[in-house]
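The values are calculated or read from the model by the stated rules, or taken from the named source; none is laboratory data. On a predicted model such as this, the values are computed, not experimentally measured, just so you know. Because the Cβ atoms are built from the backbone with ideal geometry, glycine has one as well, and the counts that use them run over all protein chains shown.
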Ligand SMILES: [Ca+2]
Ligand SMILES: [Ca+2]
């Protein structure tokens, strides 16, 4: 039976039942070729094949066999060719694969199998290629992954499950931490001098020295410096806790900084600066941006308690500033309402950068120490800060010209310091502005001078009015530098804070 070179046919035993079908086959051959596997169970090397055998040819294959040719394969077999494969088999070719098998080719894979190619994968399998993956599998490629599985992890610039942000790096202190947690920072945006004491702040030598005639003037000076950013005392939560409800032993950095004010930004107002950008003072942080001063605190029932510990605060009376060291400092403040951190839309403050990929559902506390959510003014400033100001740092803070002219009992100059003013007092024709006051505290971290506190300071030179002598608690003269480092004045402030964005 030599038929048009179909060699396999010649080798088959032909049964009588098959011979009955031969006329049908011959008729079909004239039109399509004689390749129906439903009759002969044979493989073919060309044409379409609806039967169960394998198909090495270029036609479409609707049957269950494997198809190595370029046609489309709708059956369950594997398809190594470039056509589309709608069946459950694996598809190693470049076509699209809608079935559950693995797809190693560049086409799109809508099934649950793994897809190693660059196409999009809508199924649950893993996708190692650059396409988008909408399923729950892992996606190691650069495409978007909308599924719940972790992607390339923290630092890949993609917000994944378990991440509050991902700014594409593994550095901390830039708004998004090395573990992809939102970095919660707060800045004091209202600092109110207190002149009395309370249960938290039982001593207040600084406040007690200031007469009512000077209270408003000094507060105005401080308000101006908080508003223009000169006083920028910031708290940076090292341990993540955006809800602010309850957490023990949290490490909080205390650092100074200054506002960033790029051109074109809204007018900076340090009294209302939620999510504004701040650069930390280089002497407040390590090269990596970690705050050098860290206090241990707790959050209990929405109230933050921090310290006691040492911190530094920039102050100025209008004649140059100084960093004032405070020892035994305690901060207590109610935590404010939760809000979503602002994201900047124009690349300017306030707001976090879109490239940080902050979880759009993340809410963190936007303030502390605000009585009824307002902040800014004294009535809404309910945080409590008390600490002991080192005498040596008060000696660095120079008096402004406007103040020395009203102190008629002393001949201060602009070379005199706030320490000189405290020790010598300031009297005017209308009464006392500053009552002469001695240090009432000592720094536990500083070596004692002589027999220790309380220390008594004196300015023996009637021309300079500068503090130049110190006696210990026994009245013995002790070294001035060591005395000033140990001696301290208690102080008490109310404060509130706003959430800010510290950019190292
Ligand atoms: Ca990520
Ligand atoms: Ca980072």
Those residues of the range 331-361 that are outside any loop (DSSP other than H, G, I, E, B) and away from ligand 2 (no atom under 16 Å from the Cβ) come to a total of 7
If a residue has to be modelled with pLDDT of 95 or more and in contact with a strand residue (DSSP E or B) (Cβ under 6 Å, 6 or more places away or on another chain) to count, how many in the range 196-216 make the cut?
-> 8
Kindly indicate which of 311, 315, 295 is closer than 17 Å to residue 183 by Cα, surrounded by 17 or more Cβ atoms within 10 Å (Cβ to Cβ) and in contact with a strand residue (DSSP E or B) (Cβ under 6 Å, 6 or more places away or on another chain).
-> 295
Determine, yes or no, whether residue 316 is touching a residue at least 12 places away in the same chain (Cβ under 8 Å) and in contact with a helix residue (DSSP H, G or I) (Cβ under 8 Å, 6 or more places away or on another chain).
-> yes
Please find, among 265, 316, 258, the residue that is under 16 Å from residue 500 (Cβ atoms) and modelled with pLDDT under 95.
-> 265
Which is away from ligand 2 (no atom under 16 Å from the Cβ), within 16 Å of residue 368 (Cβ to Cβ) and either buried (at least 17 other Cβ atoms within 10 Å of the Cβ) or within 23 Å of the chain's Cα centre (by Cα) (or both), of 222, 231, 188, 210?
-> 188
Single unsatisfied condition, residue 396 versus (1) within 38 Å of the chain's Cα centre (by Cα); (2) in a helix (DSSP H, G or I) = (2)
